[in-house]
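Below: the structure, in structure tokens.
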Amino acid sequence: MFLGIDIGTSSVKAVVLDADGTVAATHSAPLDLSHPHPLWSEQDPQDWWKACNDAVLGIAPEMRAKVLAVGLTGQMHGAVLLDAADRVLRPAILWNDGRSHADCTELERREPQSRTITGNIAMPGFTAPKLLWVAREEPDIFATTKTVLLPKDYIRLLLTGAKASDMSDSAGTLWLDVGKRDWSDAMLEASGLAREHMPELFEGTQATGQLLAEIASAWGMAQVPVAAGGGDNAAGAVGVGVANEGEALLSLGTSGVIFVANDAFRPNPADAVHAFCHCLPDRWHQMAVHLSAASCVDWAARQMGLGGPAEFFSLAESVDPASGPELFLPFLSGERTPHNDPHIRAGFLGCDGETVPAKLASAVLEGVAFAHADGIAALRDAGSAIPRLNMIGGGSRSLHWGRIIAATLDAELDFLDGGEVGPALGAARLGRLALTGEDPAKVCTRPDIRQTISPDPVLAERLHPKLARFRRAVSAIRGA
């Protein structure tokens, strides 16, 4: 069997695949976020480690004993700062943290070729601007920093003792020359860092070491190899077979991502499209990233006093989509594609005396779909047709939401068996590839399609005026 571990934002998930590639078991452990100041988003790396152990040990011992390899994935862009003794110096600054907006401008001033080298516009979510902020606001911590690791790679250090990363996750730091698949000395220098601060780079299908004896013993496993793995989006793509030119997925997790695989490096920073390495050798990908997706459902459910997402979706489904004037702007933590605005915030508009909770719930689902419509438009402007998308992530459980999204994006949506497992499944596949050296095409296959939702032209016609109002509202509040 093969174990995949996903260091997520809201939980750590462990997945075991059997020799046939079937999901044999899953277990997850929850995580909390800290927002000590406006725009800040942090987590304690030790919480990841505790949740990682809880998630793995939640898998049956007899399954753990059969594991032959481990793959890692996780939330991208987070900055874990270590001293010379590999001690954590401060809470990790996460992907949805917006404090380093001014540092993005400074980074691009220091290195004018930044967008050419990295293929991306500097955004507060990326790792490099976070280190400029630390250097400016916490100079003692910056001076003591000897290693910077991404979240999953900190867990790798504890599992194997190796400081290593993969190409896909590292591409999201703004320190990688994405076309060359190597650290950029120019970008590191612009951040006040050097190669010795960085982990060793590997392709996602390569082994980076093996479990330490004490970890293997605690987990009831042999000292099996640990694959480099991938960032959560790239690993999620591997989990649903999105590896070849033009194949695409929509991930509805805490954040929302439209991901398109490419056979070459095709940057488009002007529209805040992300262009990164894939976690498979000689592959790249483009992404439109939305910082709030299913997190909007959790947030709205709390505000309405509902028991959770299931109750929220039941409420939303009790009314027809676009049946009221209510608009929701889904920007709980700012936005990336295409706006690159860490300051934009969420809100309801168009409420009147006829507004009821069900219409607010429906507006939340519509608003997230509208944000993704802007993202897919940016990708299509960059040359990707995207006629269909594979659905993954927790939000993919809702076919009602899928109908709204399909009509809004004008794309076929394929709901996959096990699609909600997400990146951990891809991580397990990468672990297998690190052990066996098989052709990725034989391992990274698409799961069976559970259901396909085609765009409903009647629903699309009803949603189109609300989408136009949504875009006007976003433009207005960004200019306020």
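The values are calculated or read from the model by the stated rules, or taken from the named source; none is laboratory data. Owing to the predicted nature of the structure, the values given are computational and were not obtained by experimental measurement. No Cβ is skipped: glycine too gets one built from the backbone with ideal geometry, and neighbour counts run over all protein chains shown.
Quick notes
- Qualifying residue in region 258-272 (condition: of a type outside the set (Gly, Ala, Ser) and closer than 25 Å to residue 309 by Cα): yes
- Subset of region 169-204 (residues that are charged (D, E, K, R) and farther than 25 Å from residue 143 by Cβ): 169, 177, 180, 181, 182, 203
- Yes/no for residue 424 being of a type in the set (Gly, Ala, Ser), within 24 Å of residue 465 (Cα to Cα) and surrounded by 18 or more Cβ atoms within 10 Å (Cβ to Cβ): no
- Selection within region 33-62 - of a type outside the set (S, T, N, Q), surrounded by 18 or more Cβ atoms within 10 Å (Cβ to Cβ) and part of a loop (DSSP other than H, G, I, E, B): 59
- Pair list, Cβ < 6 Å and 6+ apart or interchain, from region 396-415 residues that are free of Cβ contacts under 8 Å to residues at least 40 places away in the same chain to residues that are buried (at least 24 other Cβ atoms within 10 Å of the Cβ) and of a type in the set (A, V, I, L, M): 415/391
- Scanning region 7-32 for residues that are farther than 19 Å from residue 79 by Cβ and among the acidic types (Asp, Glu), we see that the one that is surrounded by the most Cβ atoms within 10 Å (Cβ to Cβ) is 18.
- Some residue of region 447-467 being closer than 26 Å to residue 10 by Cβ, touching a residue at least 60 places away in the same chain (Cβ under 8 Å) and of a type outside the set (Gly, Ala, Ser): yes
- Restricting region 260-285 to residues that are at pLDDT 95 or above and touching a Leu at 6+ places or on another chain (Cβ under 7 Å), the residue that is farthest from residue 427 (Cα to Cα) is 260.
- Matching residues, region 287-333, being of a type outside the set (A, V, I, L, M, F, W, C), at pLDDT 95 or above and closer than 30 Å to residue 270 by Cβ: 330
- Only residues that are outside any helix (DSSP H, G or I), surrounded by 24 or more Cβ atoms within 10 Å (Cβ to Cβ) and among the small types (Gly, Ala, Ser) were counted in region 392-410, giving 1.
- Across region 460-479, not a single residue is classified as part of a loop (DSSP other than H, G, I, E, B) and either of a type in the set (S, T, N, Q) or buried (at least 18 other Cβ atoms within 10 Å of the Cβ) (or both).
- Residues that are in a loop (DSSP other than H, G, I, E, B), over 22 Å from the mean Cα position of the chain (by Cα) and touching a residue at least 24 places away in the same chain (Cβ under 8 Å) within region 7-25 comprise just one, 21.
- Number of the exception - residue 244 against (1) within 19 Å of the chain's Cα centre (by Cα); (2) without any contact (Cβ under 8 Å) to a residue 40 or more places away in the chain: (1)
- Every residue from region 334-376 that is modelled with pLDDT under 95 and of a type in the set (S, T, N, Q): 337, 340
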